[in-house]
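One structure is given below, encoded as structure tokens.
The values are calculated or read from the model by the stated rules, or taken from the named source; none is laboratory data. The structure displayed is predicted, hence computed values, not measured ones. Glycine gets a Cβ as well: all are built from the backbone with ideal geometry, and neighbour counts include every protein chain shown.
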Amino acid sequence: MGEIALEVKDLYITYNCMKNYSIKKSLLRLKKVEKNRIEAVKGVSFSLEKGKILGIVGKNGSGKSTMLKSIAGIFAPDSGTVDLHGNTISLMSIGVGFSNELTGRENIALSGMLLGFSAEQIKDKTEEIIRFSELGKFIDMPVRTYSSGMHSKLAFSITAILETDIMLIDEVLSVGDAKFKKKSLNKMKELISDTNRTVVIVSHSMDTLKKLCDTILWINDGEMMMYGSIEDVLPKYEEFMS
Amino acid sequence: MLKRFIRDLKKYLAYSGKAAKAQLKSEVASSYLNWIWWILEPVCFTFIYYLVFGVLFHLKEEYMIAFIVIGVSLWDFFNRMMKNSVRIIRANKSIISKVYLPKYILLVVRLGVNGFKMAITFVIAIAAMIILGVPVTWHVFMAVPVLIVFILFTFGISCLLLHFGVFVADLHNIVDIVLKMVFYVTGVFYSIGRRIPGPAGNWLINANPVAYSINAMRSVLLYGKMPNLLVLLIHFVISLGLCILGIYIIYKNENGYVKSI
């Protein structure tokens, strides 16, 4: 067995449905507002070796994305632990709050810093990001002038070029026009199949999972149904879903 | 906690600076008069207060214009920080739902933005002082500790508002009302000490760190007088306590914020 890169133990995440408290509301309605708690993830544990690719399957609303966010450190789990063993981690997401009035170049620097990279690291990668995004002269124009396609191209390039040890991917992304879609898909595959990188993918596409993953975690309504190799889990999952 | 705070601050300081610059830049990019507004706004408010209170109500003070500019600059900073911090988590939802960052860093960014605007009004204040021929004494150096305590206090309160603003959706309405009230008792356009003499006035100044800071700033810059150092020390301790409490609360709860908004 190789080195463990990611260890999740007994993860529980609950949501409070009564979102927040409002003074006006509580003045108007003096009786206590009922708290409606939803348990999104109930006791999931798994560990993943370095370089392995884990696919997470489950129907909509079964807590897959919630779990990814929690592994990335955006959400606090209610109980349980996530141990990254010192690896850097990022959740691949489109557009980390672009600032509309700033140019693409400045937004690269800002987003990169938010993702935890130093100014020098970003500087080294900037040209590569610009080249990959195919924005050309638009890179020095404010982001508000971008079309939605250009917007997502830039966002994709930033997250794809600024790599981390562990990548969490919520649906394999492909953005932009047909040509860029192909290119971004290839880039994703390249990133995922790098043997030094540990990847967790959430996907509904059986094809993608079969092609990319080593192991599969199946969760249903927040509970772990199965955890094992593709051959073991996917047929049962497909049977369950049909 | 202190260790974590220092490590986080170091890690995100470059981002804070960059983000503050970016926010200032995008503010000017959207209007034609651009940065001129940062000068015009405090100047206009100063003249309004001067006309209404100085001329109409005869609340004259020595070096009236500089007196008001100093009040306006500190008050605007405090006022903006308070209003920003109640909504800051909601306003930055797109960032915090995608990456982790210590949430008070968002406040540090606003400190940069509003601090820059305050610096501009300070330049205006200095210009007013020169034009009015205010004699400069060595007391002006005392402006530095006064300013530090004032910023610490503002940051501490901001941290608390950031936290409660997440869970109390309409807190900003209350903050607006409270700020309006505090504005009138803070002596932005009048001197508390002269208009409300006796212990009541002293209380109003010393128990309200904003009023105290404005008052102390005027004493050292315009009138060459030392501020009450004991009160400054007490405010420093309280402000530091507020900052520690605020950062502690944020560290403890920040990962739950995304779930609530």
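Of note:
- Among (1) surrounded by fewer than 17 Cβ atoms within 10 Å (Cβ to Cβ); (2) within 14 Å of another protein chain (Cβ to nearest Cβ); (3) within 21 Å of B:V210 (Cα to Cα); (4) not hydroxyl-bearing (S, T, Y), the one test that B:I120 misses: (2)
- From the options B:Y190, B:Y212, B:Y184, residue that is of a type in the set (S, T, Y) and surrounded by fewer than 17 Cβ atoms within 10 Å (Cβ to Cβ): B:Y184
- Qualifying positions in the range B:142-174 - within 14 Å of chain A (Cβ to nearest Cβ) and among the β-branched types (V, I, T): B:V166, B:V168, B:I174
- Residue list for the range B:81-103, filter: at pLDDT 90 or above and more than 26 Å from A:M167 (Cα to Cα): B:M81, B:M82, B:K83, B:N84, B:S85, B:V86, B:R87, B:I88
- Answer residue from the range B:86-99, given it is surrounded by fewer than 21 Cβ atoms within 10 Å (Cβ to Cβ) and of a type outside the set (V, I, T) and is farthest from B:W37 (Cα to Cα) among those: B:S97
- B:V69 meets the stated requirement of being closer than 30 Å to B:L132 by Cα and part of a helix (DSSP H, G or I).
- Lone qualifier among A:I219, A:I129, A:I139, A:I192 - being at pLDDT 85 or above and either assigned to a strand (DSSP E or B) or in contact with a Leu (Cβ under 6 Å, 6 or more places away or on another chain) (or both): A:I219
- If you go through the range A:196-242 and keep only what is hydroxyl-bearing (S, T, Y) and within 19 Å of the chain's Cα centre (by Cα), you end up with A:T198, A:S203, A:S205, A:T208, A:T215.
- When B:Y49, B:Y15, B:Y63 are checked against the criterion of being touching a residue at least 60 places away in the same chain (Cβ under 8 Å) and out of contact with any Phe, Trp or Tyr (no Cβ under 9 Å at 6 or more places or on another chain), B:Y15 stands alone in meeting it.
- There is no residue in the range B:214-227 that is within 14 Å of chain A (Cβ to nearest Cβ), free of Cβ contacts under 8 Å to residues at least 60 places away in the same chain and at negative phi.
- Among the candidates B:I89, B:I70, residue that is under 29 Å from B:C159 (Cα atoms), within 14 Å of chain A (Cβ to nearest Cβ), touching a helix residue (DSSP H, G or I) at 6+ places or on another chain (Cβ under 6 Å) and in contact (Cβ under 8 Å) with a residue 60 or more places away in the chain: B:I89
- Test: B:L9 is farther than 25 Å from B:I95 by Cα and either within 14 Å of chain A (Cβ to nearest Cβ) or of a type in the set (A, V, I, L, M, F, W, C) (or both): no
- Some residue of the range A:88-108 being facing chain B (nearest Cβ under 9 Å) and either without any contact (Cβ under 8 Å) to a residue 12 or more places away in the chain or more than 23 Å from A:I129 (Cα to Cα) (or both): yes
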